[in-house]
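Worksheet for the structure shown next.
Bear in mind these aren't lab numbers, they're just calculated from the coordinates by the rules spelled out. If you're wondering where the values come from, they're calculated on a predicted model, not measured in any experiment. Reconstructed Cβ throughout: ideal geometry from the backbone, glycine too, with neighbour counts over all protein chains shown.
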Amino acid sequence: MTYVIEVLRQEHRNIEKLLRVLEHLGVFDRGDRPNYEVVVGIFDYFKDYPDSCHHPKEDMIFNKLKSRNPAAAAKIGDLRIEHVEEASRLRRAAQAVERVLADQDLLRETVDEIIRDFIEHERQHMKMEEQIFFPTALKALRSKDWADIALKLADRRDPTAGMARWTLRRGHVSVGNQISKRRRA
Ligand SMILES: [Fe+2]
Ligand SMILES: [Fe+2]
């Protein structure tokens, strides 16, 4: 499989892990207080990484697909707009968490609903990419297109990548601790 698609699939797996962590924390739908450091860390990751590193790679592939096979690209829709909508759902969820942290009045059910909506749309979007977008691109793009993409990516080292990896690790460690604490309790 083309290297950049492998990277994207791996990033999806990382995103899915974080979504599962959010779900595991059951963030706001239980009486007990979740580990807010982990929740904030997860949203920090989502604010940084997908927009600066994940979406640009997909957008580059989508642009190539549009020029190689416009009909196939049209069937997928507008990936760039989906990414903009994803970012706005993320902002909404992060703001809800911030309001809870600031002890502002917000119904738990409302916060829970906003976060579940974010998780669900993330999953739907990744599923579409895995099942439709990536296979379509793999079929339509030529070796030269993948080489162009790899070259552009090599030019733009992402300054936040280290931080994102750190956030992800911190999330895993903290969540691991939280799970073992619960098991011991
Ligand atoms: Fe995407
Ligand atoms: Fe993606």
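Overview of results
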item: Fully extended contour minus Cα-Cα distance, from Glu113 to Asp44, at 0.36 nm per residue; result: 22.9 nm
item: Ascending count of other beta-carbon atoms within 10 Å, so fewest first, for Lys139, Lys57, Lys66; result: Lys139, Lys66, Lys57
item: Nearby lysines by direct alpha-carbon distance to Lys17 (threshold 26 angstrom, same-chain neighbours under 8 apart not counted); result: Lys47, Lys57, Lys127, Lys181
item: Stretchable slack from Asn63 to Arg9, in nm (0.36 nm times residue separation minus alpha-carbon distance); result: 17.6 nm
item: Neighbour-count ranking [beta-carbon atoms within 10 angstrom, fewest first] of Val40, Val21; result: Val40, Val21
item: ³J(HN,Hα), Karplus 6.51/-1.76/1.60, whole Hz, each residue of the range 135-142, x for Gly, Pro; result: x, 5, 5, 4, 6, 8, 6, 9
item: Neighbour-count ranking [beta-carbon atoms within 10 angstrom, fewest first] of Thr136, Thr110, Thr2; result: Thr110, Thr2, Thr136
item: Whichever aspartates and glutamates have a C-alpha closer than 13 Å to that of Lys75, once near sequence neighbours (fewer than 8 apart) are set aside; result: Glu129
item: Rounded FRET efficiency, nearest 0.05, which uses the C-beta distance separating Asp51 from Leu138 and R0 of 41 Å; result: 0.95
